[in-house]
Amino acid sequence: MSRIRSVASSALAVNRRTVLAVTGAAAVSAGVGYALRPTDSQAATDAGATGTAADTAAEAPVAQSRRAPAVPLAPYTRGTTVATVAAPRTASGFRRLGDGPGWLRVVRGDLAAAKSGRAGRRTALAAFVQLTDLHIIDAQHPMRLEYLRSTDVHAWRPQESLTVHGAIALVERINALRGAPVTGAPLHFAMTTGDNTDNNAKTELEWFLKVMSGGRISPNSGDPRQYEGVQNSGIKQYWQPDTTVRDADKQRGFPHLDGFLAAVIRELNSPGLNLPWYSTVGNHDAMPLGCYGSHADPWLTEYAMGGRKLMSLPAAEAKKLQDAIRNAKDPKGAGFRDLLKAHARDMRSVTPDENRAPYTPTDYLKAHLDPAHRGLGPVGHGYSTANLDAGTQYYSFRIADDVIGVSLDTTDAGGHYEGSVGTAQLKWLEKTLKDNKDAYAVVFSHHTSKSMDNTRPDPARPGERRHSGEEVVALLARHRNVLAWVNGHIHRNDITAHAGSGGGHGFWEISTASHVDYPQLARVIELVDNKDGTLSLFTTCVESAAPHRTDFADLSQTGLAALYRELSFNAPGASTTLGGSARDRNTELVLKKG
């Protein structure tokens, strides 16, 4: 088995058998996931020169997956979208949801033909869960762009104050899964592929880490006693749930819910995931508003923490701002700052809160490494102090004996929400795949290949070339050990076959819908060897544990999580195609065996 090198050093990592021998483990389940670097940066940089393999192994964080049951699980559908999916049960107005028919599994042979009898031959290699685009939102944050709704009705969504409730319900669903739905194998880990937060705010980062690792969360900022934001502003372009005012959304059938705003800021409890989890960075995690490449503007930082909030903007000005964001005309946010200054007299008073400050990439890494957010590990959730020392947010980790994971940083610190990678990272990716040519590889990132067309220079590395998604596809296609590239960003289920080149067999790009826009999904991915010269990747979508039917009188944590889904379904201007086609949801994706 090849050995994997740390992001920031040449120190060799060790394989699973060595770790188990060193730690004295006599037997564990077939699934063990652990980061392939020590949690201490000195060990990461010095172990190869001064330490033994046993020393390195002793430092390596080991996070066991759920143990396999005594008797292998049969394939199951309960709790997945194969069994049932939320579907409308009313035809007009504010459409209520209920239990709908499940989605069938589609076999795709774009890259290799599926051979008969494989179900009786196959063996499981690994299984994991992908979450993406949780967009944990501090709905009262002054930097939010709700006022873009005057030009684009979907720029503000009525469900935004319930993102924490929905994310906890998703954690509850993952915790309830019996294992991998097709093979019954134990789940090795969960990976969240970016846009974990929405506004690059410290409040949101703390809430996200507690959702994932467990803890009490008060999804409120500013005044601890009450909500302060657009939903109690009286402005009719936003849903005003606690009042009888005929706002634009109530005219579409949205309900009047007494006590809603008091309920959404009540303290919640997250059980945390009951399996190890890893983290990948997205543009909304890396940059204010997911698009502005500067953390150095003191005025914007002060505005984020301060006591004034802009809540409305004329449509013409809103369109100008939205166009500037879409077309990357203001990557540093200077024009955005000037617009806010020009509307200082139009702002409303809110309670200042220093916890709303933007966080830097260093803050992001340190928060993941904080023992308070370890949960079931691993320490740093993939990141290490080696990343801190190197100023990087990419890493590799071992999923199983024969499978590695590679987490990329596709955000472009130069600004704009589309992505790219720098030359150093691209070379590191190539080397990691070559060094581990005897192991299958699953690559994770936030951006899709088609959304990596932003090659603006990184201010921290102005002389380094940036590379597009096409270049990453070309690199991955040359390596026959690459099975999949798993990502998000586009908020839509989309599965693309990429043909191989230069000896590669090709790979599958698997993009999964967000958990902020309907249909609010995560995805279980299983890797199996069919023992006939082919491999299969099974993908199974799952919804949160919240019931499909809502009760407007139920403002409990569970009731609000159900309402989160129903509000997202009814959000004005929301796309109806984010679930993708049957070929993009529950699938079996066949590959040639490398």
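The values are calculated or read from the model by the stated rules, or taken from the named source; none is laboratory data. Since the structure is predicted, the reported quantities are computational estimates derived from the model, not experimental observations. Don't worry about glycine lacking a Cβ; one is built from the backbone with ideal geometry, like all the others, and counts go over all protein chains shown. Quick note on the areas: whole protein, heavy atoms, side chains included, nothing else; ligands and nucleic acids left out. Shrake-Rupley method; radii C 1.70, N 1.55, O 1.52, S 1.80 Å.
Show me the ranking of peptides 418-427, 204-213, 236-245 by mean Cβ neighbours inside 10 Å, starting with the highest.
204-213, 418-427, 236-245
On the Cα set of the chain, report Rg and Dmax in Å, please.
23.4, 71
Using the crude model of +1 on Lys and Arg Cβ and -1 on Asp and Glu Cβ, and no other charge, please compute the dipole size for the range 276-417 relative to its Cα centre, in debye to 20.
620
If a paramagnetic tag sat 7 Å from the Cα of residue 87 along the Cα-Cβ line, which residues of the range 537-557 would have the backbone N under 18 Å from that point?
541-544, 547-550
Once the Cβ-Cβ distance between residue 431 and residue 460 is put in as r, and R0 is 22 Å, what FRET efficiency do you end up with, to the nearest 0.05?
Once the sixth-power term is evaluated, E becomes 0.55.
Can you give the helix-only mean residue ellipticity at 222 nm for the chain, where every DSSP H stretch with n ≥ 4 adds -39500 (n - 2.57) and the sum goes over all residues, rounded to the nearest 500 deg cm²/dmol?
After summing the helix terms and dividing by the residues of the chain, the value is -7000 deg cm²/dmol.
Which is farthest toward the positive dipole end of the range 217-365 among 314, 227, 299, measuring Cα position about the Cα centre, with Cβ charges +1 (Lys, Arg) and -1 (Asp, Glu)?
Final value for the positive-end residue is 314.
Which cross-chain or sequence-distant (5 or more) residues have an amide H under 5 Å from the amide H of residue 534, H modelled 1.01 Å from N in plane?
HN-HN under 5 Å from residue 534: 593.
Working with all protein chains in place, sort 509, 317 by solvent-accessible area computed with a 1.4 Å probe, largest first.
Order by accessible area, largest first: 317, 509.
Highest mean first, what order results for 184-197, 454-467, 579-592 on Cβ atoms within 10 Å?
Per-residue mean Cβ counts within 10 Å order the peptides as 184-197, 579-592, 454-467.
Charges at C-beta only: +1 for Lys and Arg, -1 for Asp and Glu. How large is the resulting dipole of the range 465-594 about its Cα centre, in Debye rounded to 20?
Roughly 520 debye for the range 465-594.
Net charge within 9 Å of residue 134 by Cβ-Cβ distance, Lys/Arg positive one each and Asp/Glu negative one each, not counting residue 134 itself?
Once all neighbours under 9 Å are counted, the net charge is -3.
In Å and from the alpha-carbon atoms only, list the Rg and Dmax of the range 95-215.
19.3, 59
Just list whichever of 309/341; 115/593; 431/531; 531/592; 202/236 have alpha carbons separated by over 21 Å in the model shown.
Among 309/341; 115/593; 431/531; 531/592; 202/236, the Cα-Cα distance tops 21 Å for 431/531; 202/236.
Hey, got the dipole for the range 439-527? About the Cα centre, +1 on K and R Cβ, -1 on D and E Cβ, debye to the nearest 20?
With only Lys, Arg, Asp and Glu charged at Cβ, the dipole is about 160 debye.
So if I take the centroid of the Cα atoms in the range 304-366 and the same for the range 116-156, what is the distance between those two points in Å?
24
When ranked by the protection proxy of mean other Cβ atoms within 10 Å per residue, highest first, what sequence do the peptides 84-96, 291-303 form?
291-303, 84-96
Through the Karplus equation 6.51 cos²θ - 1.76 cosθ + 1.60, θ set to phi - 60°, convert the phi angles of the range 318-335 into ³J(HN,Hα) values in whole Hz; use x for Gly and Pro.
Each residue's phi maps through the Karplus curve to give 5, 5, 4, 5, 5, 5, 5, 5, 4, 9, 6, 7, 9, x, 9, x, 5, x Hz.
Hey, quick one: spin label on residue 499, modelled 7 Å out along Cα-Cβ, who in the range 450-490 has an amide N within reach, i.e. under 20 Å?
450, 469-485
Only bridges with both residues in the chain count here: give the DSSP antiparallel percent, nearest 5.
Bridges in the chain that DSSP calls antiparallel: roughly 65 percent.
So, counting K/R as plus one and D/E as minus one, what does the shell of residues with Cβ under 11 Å around residue 330 add up to?
My count for the surroundings of residue 330 gives +3.
Going toward the positive end of the dipole of the chain, with +1 on Lys and Arg Cβ and -1 on Asp and Glu Cβ, which of 488, 79, 331 do you reach last?
Checking the options against the dipole of the chain, the answer is 79.
Within the set of other residues whose C-beta is less than 14 Å from the C-beta of residue 255, count the net charge using Lys and Arg as +1 and Asp and Glu as -1.
Around residue 255, the surrounding residues sum to -2.
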